[in-house]
1. Ordered by residue, what ³J(HN,Hα) values in Hz, to whole numbers, does segment C:33-49 give under the Karplus form 6.51 cos²θ - 1.76 cosθ + 1.60, where θ = phi - 60° and Gly and Pro are x?
2. Compute the distance from the alpha-carbon center of segment C:88-146 to that of segment A:41-111, in whole Å.
3. Report, ordered by chain and residue number, the aspartates and glutamates lying within cross-link reach of D:LYS83, taken as a straight Cα distance under 14 Å and ignoring same-chain residues fewer than 8 apart.
4. 5 Å is the cut-off here: which amide hydrogens, built 1.01 Å from N in the peptide plane, fall below it relative to A:VAL46, excluding neighbours closer than 5 in sequence?
5. Around B:ASP81, with a cut-off of 13 angstrom between Cβ atoms, what is the net charge of the other residues, counting Lys and Arg +1 and Asp and Glu -1?
6. May I ask you to report, in nm to one decimal and beginning with the shortest, the distances from B:LYS144 to the same position in the other copies, taking label points 7 Å along Cα-to-Cβ?
7. Whole-Hz Karplus ³J(HN,Hα) for segment D:55-72, in order, using 6.51 cos²θ - 1.76 cosθ + 1.60 and θ = phi - 60°, x for Gly and Pro?
8. Residues with amide H under 5 Å of D:SER89's amide H, sequence separation 5 or more or different chain, H placed in the peptide plane at 1.01 Å from N; which?
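Please treat every number below as a calculation from the coordinates, not as lab data. None of these values were measured; they are calculated from a predicted model. Every residue, glycine among them, receives a Cβ derived from its backbone with ideal geometry; neighbour counts consider all protein chains shown.
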There are 4 protein chains.
Amino acid sequence: MLLWHAAVINNVMMLFPVELDQHFDALYGLELCEMGEDRVTARVAVTDTVRQPIGIVHGGVYASIAEGVCSIATSVAVVGDSKLAIGLSNHTTFLRPISEGSIHAAAVPLHRGRTTWLWDVRFSDDGGRLCATSQVCIAVRERKGA
Amino acid sequence: MLLWHAAVINNVMMLFPVELDQHFDALYGLELCEMGEDRVTARVAVTDTVRQPIGIVHGGVYASIAEGVCSIATSVAVVGDSKLAIGLSNHTTFLRPISEGSIHAAAVPLHRGRTTWLWDVRFSDDGGRLCATSQVCIAVRERKGA
Amino acid sequence: MLLWHAAVINNVMMLFPVELDQHFDALYGLELCEMGEDRVTARVAVTDTVRQPIGIVHGGVYASIAEGVCSIATSVAVVGDSKLAIGLSNHTTFLRPISEGSIHAAAVPLHRGRTTWLWDVRFSDDGGRLCATSQVCIAVRERKGA
Amino acid sequence: MLLWHAAVINNVMMLFPVELDQHFDALYGLELCEMGEDRVTARVAVTDTVRQPIGIVHGGVYASIAEGVCSIATSVAVVGDSKLAIGLSNHTTFLRPISEGSIHAAAVPLHRGRTTWLWDVRFSDDGGRLCATSQVCIAVRERKGA
């Protein structure tokens, strides 16, 4: 069901090959598009799977996309230093409902600290209109046993 | 797959019978437990479906539970006045990972305003330890055509 | 003590002439710099007045600047329609302490809705480094008696 | 102008005697009331000093109180371990304006982690009505040179 695009950043190959299609990001259909150092983009197709019964995309889907994209991108960036990325907080604001097409997400790191990364995520619909935003804070910790 | 418990509040029967099992809250397994006026509780069983590949519950799942529970509970409360509940924002903070058992959520309305409701949601594991919190703000709007 | 720059936007003159220098924004020294439709900037000089005892700027000062700037800018934009701007929420994240020079704030409206405006505010030090961010949500309501 | 009440917690005397009355918490009139381990309360009198020109308390004042109270209370609790408390984020939501009397704040620690503390702060007016809430996240770090 899922479709993780391979990504090599700073000569580090992405580390999540394990049966992703049984995990949560696969469940709702997260597709990573670009994974650059200064911008990561992703997409989720709108089907009933991500809708509320009233026909619009469930707010938790935006928060999930933001959390998934920022966790993965931070992990990929710090894994070479034997570090681990762990979500601290996720603040998502809903501006305009999406009911069809795709949800397009673009995440930009505002701060890449030694212990904390902060990401700004913007969501738009197929018409390019801003529909939601997330601010995601990710802790960077030593990997135990490293 | 899903299991919405029937709920009648203020003589208003819950309004979401339509194929819930194809929508997002069903996808990740949301189960409403109690629906009181001053407290709503819910539960999600931890399986790979809600985990990240590293084995802990995906942060987006907490945000989704909070969003789902608070939207539904606000909707049920205002539907009798021909009003609609729409999510405005969701701020979820992660304190301690959960990797097995169930996620237990308890939502309490802090403010029931004319145009905005504010909810405080606490998540705990099977041992009763606080694992995450959400603050969810829901707009209450006139239902078009009402 | 304070220095509100005059501002005319959409032929509407700013409406806050009343003894601003006795109110909170004046107390901590808010100075509006530019007030454009797509960007508002402000500045606060760092003195003991805005510091915590340990020598760095108090976190509440960033939140206050964001709240002040976004409330004023939204008010100015909607006052011509007999509407009022009222703060709904303020989420400020601290990235790097400032201990001297000035706090420079730049606020950009992400969403100008009928009932809600969302602002993104970035704070930097004299060296241009990002030190804090705020997301401010402002409600737009009918002015009573209008 | 300021009025820090002395506090001894876990046999540690509060450490902020230095000319507090020239710093920000003093500027807007923060008064600590109780400082228990499970609850800290504070108060600010409403005068023009903390108002916006339209007559209600400035949103930044609530955020500042929350930030001040939680930073101080965390500092006092960890200073005995040679650690330092530094604000990470402050999310304040405004529910009901206050225009006179006092702002009453009560802060409760939801999580006292090794590296992060999370506080829930509630603000009420003289009538005991909930007027605003803050969630404050404070980092706990080694004190350099300790």
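1. Rounded to whole hertz, the list is 9, 10, 10, x, 5, 9, 5, 10, 10, 8, 8, 9, 6, 8, 10, 4, 3.
2. About 22 Å separates the Cα centre of segment C:88-146 from the one of segment A:41-111.
3. Straight-line reach from D:LYS83, under 14 Å: D:GLU142.
4. A:GLY101, A:SER102, A:ILE103
5. In short, +4.
6. 3.1, 5.2, 5.7
7. x, 10, 4, 5, x, x, 5, 4, 4, 5, 4, 4, 4, x, 4, 6, 5, 5
8. C:PHE94, D:CYS137
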